[in-house]
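Colleague: Right, I'll just put the structure down here and ask away after.
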Amino acid sequence: MSDLPEDPGPATQLYRHRTETVSEERGSGPAIVFAHGTLMDWTMFEPQLQALSDDYRTIAYNLRARTDRFQGPYDLDDLAEDCRVLMDAKGIDSCVLAGMSMGGFMALRFALEYPDLLDGIVLIDSMATPHDEAEQEQYGDMVETAKAEGDVPDSMAEAVSHMLFGQTSIEERTDLVEHWKDRWLTYPGEAVHDEVNSWLHRPGVEERLDEIDVPVLITHGAEDVSIEPERAEPMVDQLPDARMELIPEAGHSSNTENPEAANAAIREFLEDVY
């Protein structure tokens, strides 16, 4: 296995010494590790754990913002180290790493740092390029407000619901959307602030994608307005071995909005990898 980070701090050590409190594991076989996006938690992958654990060892975990070590500053490289320690603690020599949005930003950096630990990557509603200045300003203002107020305000939860879910979900999957809005209202504002700032000003990695030589599946909600599908499409040509599947009637949280379509695409990919 690759060397672990030197002298990891308490936030990273959490993933070794409290592994079972921050992760959910089911099944046996080749390993798939799921990393969630901003404002989400491991439970967003419940449909994938249910569908895939008959044939695979499925692990979903909470990134720092959903733990008691939410205080920053930290960045995507720190999150990659957390993932590395979690894998070591669970005795995982290699895996398919599936990351949604922020989890995908991290997965690309993980692949560049630890290429020998991956059998493949699933990028869910993510991209290799950075956010533009207007988006950085918009998101920065939102999380500064959350930090100042101490909690996620109702107005932010409402606005974010239209960013993280597609129009079909807003209209037809109201229970799903309300479920997540209720969760967001319980988050410390500082946790959300530091979570967003871990990736908000990141540089792009699009110029290094040719270094990632494992198979990559890109799944993307057709109704994603936070990262439109066309922002992910260039990765198909930039990565040496990549395919892309649009998930219909789904937005930025496509794997939980339309799990049947997402699971079918992921299962087909895993059968090719393993």
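Colleague: Using modelled backbone amide H atoms (1.01 Å from N, in-plane), which distant-in-sequence or interchain residues come within less than 5 Å of PHE34's amide H?
Modeller: ILE59, ALA60, TYR61, ALA98
Colleague: How high is the relative contact order of the range 99-171, in percent, counting Cα pairs under 8 Å that sit 6 or more residues apart?
Modeller: 25
Colleague: Then there's this: Across the range 247-262, in residue order, what do the Karplus-derived ³J(HN,Hα) couplings come to in whole Hz, using 6.51 cos²θ - 1.76 cosθ + 1.60 with θ = phi - 60° and x for Gly and Pro?
Modeller: Each residue's phi maps through the Karplus curve to give 9, x, 6, 8, x, 6, 10, 4, 5, 9, 7, 10, x, 4, 5, 5 Hz.
Colleague: Quick check: at a probe of 1.4 Å, how many percent of the accessible area of the chain sits on carbon and sulfur atoms?
Modeller: C and S fraction of accessible area: 43 percent.
Colleague: Compute the accessible area per residue over the range 199-274, keeping the other protein chains in place, probe 1.4 Å, unit Å².
Modeller: 44
Colleague: Given H placed on each backbone N at 1.01 Å, which residues far from SER226 in sequence or on other chains put an amide H within less than 5 Å of it?
Modeller: Long-range HN contacts for SER226: HIS252.
Colleague: Can you work out ³J(HN,Hα) from phi for every residue in the range 32-44, in order, using Karplus 6.51 cos²θ - 1.76 cosθ + 1.60 and θ = phi - 60°, giving whole Hz and x for Gly and Pro?
Modeller: Using θ = phi - 60°, the values come out as 10, 10, 10, 10, 7, x, 4, 6, 9, 8, 4, 5, 5 Hz.
Colleague: Select from GLU190, GLU230, GLU245 the residue whose mean-square fluctuation is largest in a Gaussian network model of the chain (Cα-Cα springs shorter than 10 Å).
Modeller: Answer for the Gaussian network model of the chain: GLU230.
Colleague: If you don't mind, there's one more thing I want to ask. Given the options MET156, MET100, MET127, state which has the largest fluctuation in a GNM of the chain using a 10 Å cut-off (strictly under) for Cα springs.
Modeller: Sorting by GNM fluctuation, first place goes to MET156.
Colleague: Still on this structure, please answer the following. Residue by residue through the range 84-92, what is 3J(HN,Hα) from phi via Karplus (6.51 cos²θ - 1.76 cosθ + 1.60, θ = phi - 60°)? Round to whole Hz and write x for glycine and proline.
Modeller: Working through the residues one at a time gives 4, 5, 4, 4, 5, 4, 8, x, 8 Hz.
Colleague: Then there's this: Can you tell me which of THR145, THR12, THR58 moves the most in a GNM of the chain? Springs connect C-alpha atoms under 10 Å apart.
Modeller: Between THR145, THR12, THR58, it is THR145 that shows the largest mean-square fluctuation.
Colleague: Hey, what did the chain get for relative contact order, percent, Cα under 8 Å, at least 6 apart?
Modeller: Here the relative contact order equals 20 percent.
Colleague: Taking the simple approach of a point 7 Å from Cα along Cα-to-Cβ for both TYR274 and ARG26, what is their distance in nm?
Modeller: 1.5
Colleague: Another one. Just the accessible area for ARG183, please: 1.4 Å probe, Å², rounded to the nearest 10?
Modeller: Surface accessible to solvent at ARG183 totals approximately 70 Å².
Colleague: For the range 30-120, what does the accessible surface come to per residue with a 1.4 Å probe? Please give it in Å².
Modeller: In whole numbers, the range 30-120 has 26 Å² accessible per residue.
Colleague: Please report how far the C-alpha centroid of the range 255-272 lies from that of the range 99-177, rounded to the nearest whole angstrom.
Modeller: About 20 Å separates the Cα centre of the range 255-272 from the one of the range 99-177.
Colleague: How high is the relative contact order of the range 183-274, in percent, counting Cα pairs under 8 Å that sit 6 or more residues apart?
Modeller: Contact order relative to length: 26 percent.
The values are calculated or read from the model by the stated rules, or taken from the named source; none is laboratory data. Model, not experiment: these values are computed from the prediction. Heads up, the Cβs are rebuilt from the backbone with ideal geometry, glycines too, and the neighbour counts pull from every protein chain shown. For the accessible areas, the whole protein counts, side chains as well, though only heavy atoms, and no ligand, DNA or RNA atoms are used. Shrake-Rupley method; radii C 1.70, N 1.55, O 1.52, S 1.80 Å.
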